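The block underneath contains the structure these notes are about, expressed in structure tokens.
Every number in this text was worked out from the coordinates using simple rules, so none of it is lab data. Because the structure is a prediction, the values reported are computed rather than measured. Positions of Cβ are backbone-derived with ideal geometry, glycine not excepted, and every protein chain shown enters the neighbour counts.
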Amino acid sequence: MRNHRRPAPVAALAVALGMAVAFPAPAAAGQEAAADARLAGLLEKAAEYCRKLEGATLEFSCLEKVEERTFRPPGIKPDAAYNMSGAAGGRMSYAYQSADTGYTTEMTYEYRFVRRDGAASEKRVLVDDNGIEKREEDARPDVLNLRPESGLFGPVGLLGEARQPHHDYKIVGQERRKGKTYVVVEAVPKPSLGGPPRSARVWFQEDDASVVRIAWYRKTPEGLGQVEALVAELDVEPDLVTTTEYDVVRNGLRFPGKDTTEEAYLPKKGKRFVKSRATTVYKDYAFSTVEAGPGR
């Protein structure tokens, strides 16, 4: 009677051939599966939240206090005029003082926002210009810095159902803030998104996946006249960060309490330096209508 030998297991063959075979540890595989499920749950809830925000009917007003500090970049002499290309293609000239003080601009606006049936309108009235009381209708924020790009509807552009297929998401940790623990998720755009690449980090409140903070990161100057000019002048790389805190809650929707935009640069040699920093604080909200849009 002939003996029929069973085929050698793959692992045994690999060992015989001198090949290394690594099998995921059951605990590690289980942790990875749990993290994937946790992330999927967050993104599903976030998409639902974005549907409600995107379809919301809103009418509110608040005070918008803008402060910008502008610093002298390394290599620019104190009290020297420095020209930069403006967004409209014109030339602007600023005189930089010291690297420590620079210039500070402070503006306060009365801001009103209305959104009904998908159509939105906003209005600003300048009421304080560097300590001088004014009443300038239909004003536009006039600061040298990049305007914050996350804003009220920032979550929709990053986490909305139509946007999620164009990003890769990953849980990168947890953070304790103001006595609460939040899940931190990194979002990296895919080439299919188009436009300048901007990665982001999102701080989620896990129970309902509401967004309490978004930080946007951009390292390309395209389309930003003042940034392109400085990159060419000083041979540096841009390192732009905009952070929005969503700490005002009304009827299940979150509104910005503070925006911070930092315009910084990375020289080939030397330390990262900040050219300007703009902070916008939203206070004294008065809500007339806050009706979340329909979910699924």
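Counting lysine pairs in the stretch 157-296 whose alpha carbons fall under 26 angstrom apart, excluding pairs fewer than 8 residues apart on the same chain, gives 17. In this simple spin-label approximation, K180 and R250 carry label points 7 Å from Cα along the Cα→Cβ vector, and these lie 1.8 nm apart.
With the convex hull constructed from alpha-carbon coordinates only, the stretch 208-296 shows a mean projected area of 8.5 nm² over all directions. Computed from label points 7 Å out along Cα-Cβ, the spacing between V188 and K52 is 3.2 nm. Across the stretch 218-245, the residues whose backbone nitrogen lies under 19 Å from the label position 7 Å along the beta-carbon direction of T260 are 218-219, 239-245.
What the Cα convex hull of the stretch 127-267 gives, in volume per residue, is 178 Å³. Please give the FRET efficiency for R296 paired with N130, using the beta carbon to beta carbon distance and R0 = 41 Å, rounded to the nearest 0.05. FRET efficiency, R296 to N130: 0.25.
The simple spin-label model puts a point 7 Å past each Cα toward its Cβ; for E161 and A37 those points are separated by 2.5 nm. Per the Debye formula on identical point scatterers at the alpha carbon atoms of the stretch 179-260, with no solvent, log10 I(q)/I(0) at q = 0.16, 0.21 Å⁻¹ is -0.75, -1.01.
Between A28 and R112, what FRET efficiency comes out of the Förster formula 1/(1 + (r/R0)^6) with R0 = 41 Å and r the beta carbon distance, rounded to 0.05? The pair R112/A28 has a calculated efficiency of 0.15.
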